[in-house]
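Report on the following structure.
The values are calculated or read from the model by the stated rules, or taken from the named source; none is laboratory data. Predicted model only: the values in this text are computed from it and were never measured. For neighbour counting, all protein chains shown are included, and Cβ atoms are generated from backbone atoms with ideal geometry for every residue, glycine included.
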């Protein structure tokens with residue numbers, strides 16, 4: 001996977017004025033990125049900036065304008081996913097954005113991420129009837145781990161977070177709780193306690209992300225809380241599956257659902273093609289990846305000029321498209337062999353002989369017939385490893401994009417909190433570093 005990432009995830013500069021027009025009859029998802037947080041987590045590599053009211057107000061206006069541009073290109077969407085950052089950081093602007101999406105498109109389902117400090121009526125009440133699925137980034141119910149992740153003071157103690165989650169039970173059609181496992185100082189006892197608490201939260205879905213530590217992050221974690229140990233990752237994963245089995249069933253390799261239905265956290269499983277709007281958003285359209293600028297300034301300028309935010313592109317060859325289908329379908333638990341052959345003009349055995357030989361030799365399938373592949377528990381863990389490495393590679397793409405930021409915008413992320421010329425305001429930061437977060441929707445946003 002690391003070799004494939006190094007080869008595949010090399011994007012070229014490409015200032016594209018408009019996205020390609022949609023393919024008739026194809027289903028698309030709309031992803032909207034809100035890159036603002038009240039404080040920056042030191043292990044997050046998603047595009048995010050410290051919240052500032054005027055900057056956010058301007059940005060949401062630009063986001064809605066880009067949404068109108070996408071509608072003018074002829075796109076329609078049945079689902080909207082809003083990620084960040086912290087999408088609920090400005091609830092009024094968020095609601096305006098959701099309302100416009102429902103006016104412009106055939107939106108049937110809206111998903112949004114949030115943080116535990118926004119589980120109060122001020123934020124929750126406006127989302128009633130607007131959001132169908134809320135995903136809450138918790139990461140752990142262990143106070144010591146929360147302190148190490150720099151989340152305890154931001155979002156409260158484990159007990160406080162648990163009470164807030166219980167208070168909104170039943171408000172949304174689906175409530176997902178994001179967790180992290182294999183954090184360096186997490187013991188088997190701490191993980192077991194997290195699993196037991198999680199089962200009593202009232203959530204109907206949970207996602208246990210493995211810690212995704214790129215080389216830079218691994219070194220930083222080693223200096224602060226210890227070395228990332230992948231040798232125990234498989235054992236921890238089995239603990240999660242076995243611990244949740246009484247009340248949850250797998251919805252993807254690392255998402256578990258009480259209901260067995262609904263939109264799961266990784267929208268790329270249900271929607272192969274999607275349009276991403278906002279600074280730092282990715283679009284995947286007809287075998288090509290498009291990346292919007294990570295610069296808020298450049299994003300505003302391009303949208304103001306009636307152009308897309310795209311500044312990088314990668315057109316994938318057929319072999320990589322087959323591997324991507326293989327990866328994403330199996331991550332969702334199964335692969336339709338007949339659909340694969342219809343789309344690529346070859347069987348999966350002929351198209352991906354090495355991959356299939358490896359998976360079969362590893363005992364990755366419980367069903368392997370003429371019609372489909374279904375993962376075994378061993379296969380599910382292999383997909384966890386593959387997706388962990390895949391998203392580490394995607395985080396590398398984000399790091400490349402972030403390198404193009406101006407000095408003023410880099411100061412917002414990595415500086416010492418002094419005045420930033422981008423908006424003439426002071427932005428005190430925590431110890432911000434460009435490290436990887438495994439929890440805020442492990443999707444290609």
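Taking (1) within 19 Å of residue 287 (Cβ to Cβ); (2) part of a strand (DSSP E or B) in turn, residue 32 satisfies each apart from (1). Just one of the numbered conditions (1) part of a helix (DSSP H, G or I); (2) surrounded by 13 or more Cβ atoms within 10 Å (Cβ to Cβ); (3) at pLDDT 95 or above is not true of residue 395: (3).
Residues in the range 39-53 that are surrounded by fewer than 21 Cβ atoms within 10 Å (Cβ to Cβ), in contact with a strand residue (DSSP E or B) (Cβ under 8 Å, 6 or more places away or on another chain) and at pLDDT 80 or above: 51, 52.
Here's the yes/no breakdown for (1) at pLDDT below 95; (2) out of contact with any strand residue (DSSP E or B) (no Cβ under 8 Å at 6 or more places or on another chain):
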{"site": "100", "(1), (2)": "no, yes"}
{"site": "106", "(1), (2)": "no, yes"}
{"site": "112", "(1), (2)": "no, no"}
{"site": "115", "(1), (2)": "yes, no"}
{"site": "119", "(1), (2)": "no, no"}
{"site": "122", "(1), (2)": "no, yes"}
{"site": "128", "(1), (2)": "no, yes"}
{"site": "140", "(1), (2)": "no, no"}
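Considering 113, 93, which residue is touching a helix residue (DSSP H, G or I) at 6+ places or on another chain (Cβ under 9 Å) and either surrounded by fewer than 17 Cβ atoms within 10 Å (Cβ to Cβ) or under 27 Å from residue 26 (Cα atoms) (or both)? Residue meeting the stated conditions: 113. Residues that are part of a helix (DSSP H, G or I), surrounded by fewer than 23 Cβ atoms within 10 Å (Cβ to Cβ), touching a strand residue (DSSP E or B) at 6+ places or on another chain (Cβ under 7 Å) and at pLDDT 95 or above: does the range 242-250 have at least one? Within the range 242-250 (the criterion being part of a helix (DSSP H, G or I), surrounded by fewer than 23 Cβ atoms within 10 Å (Cβ to Cβ), touching a strand residue (DSSP E or B) at 6+ places or on another chain (Cβ under 7 Å) and at pLDDT 95 or above), the answer is yes, since at least one residue qualifies. Restricting the range 116-141 to residues that are more than 13 Å from residue 88 (Cβ to Cβ) and surrounded by 23 or more Cβ atoms within 10 Å (Cβ to Cβ), the residue that is farthest from the chain's Cα centre (by Cα) is 141. Filter the range 301-339 down to residues that are in contact (Cβ under 8 Å) with a residue 24 or more places away in the chain and part of a loop (DSSP other than H, G, I, E, B) and give me whichever is farthest from residue 68 (Cα to Cα). Checked the range 301-339; the qualifying residue farthest from residue 68 (Cα to Cα) is 333.
If you go through the range 146-193, how many residues are in a loop (DSSP other than H, G, I, E, B), farther than 28 Å from residue 230 by Cβ and either in contact (Cβ under 8 Å) with a residue 60 or more places away in the chain or under 21 Å from the mean Cα position of the chain (by Cα) (or both)? Matching residues across the range 146-193 total 2.
Note on the range 194-238: residues that are closer than 23 Å to residue 158 by Cα, over 23 Å from the mean Cα position of the chain (by Cα) and not in a loop (DSSP other than H, G, I, E, B) amount to 3. The set of residues in the range 350-363 being farther than 21 Å from residue 380 by Cβ and surrounded by 12 or more Cβ atoms within 10 Å (Cβ to Cβ) consists of 351 alone. All of 401, 408 fail the test of being at pLDDT below 95, assigned to a helix (DSSP H, G or I), surrounded by 15 or more Cβ atoms within 10 Å (Cβ to Cβ) and more than 24 Å from the chain's Cα centre (by Cα), apart from 408. Based on what the data block shows, is residue 318 surrounded by fewer than 17 Cβ atoms within 10 Å (Cβ to Cβ) and out of contact with any helix residue (DSSP H, G or I) (no Cβ under 6 Å at 6 or more places or on another chain)? Yes: the conditions hold for residue 318.
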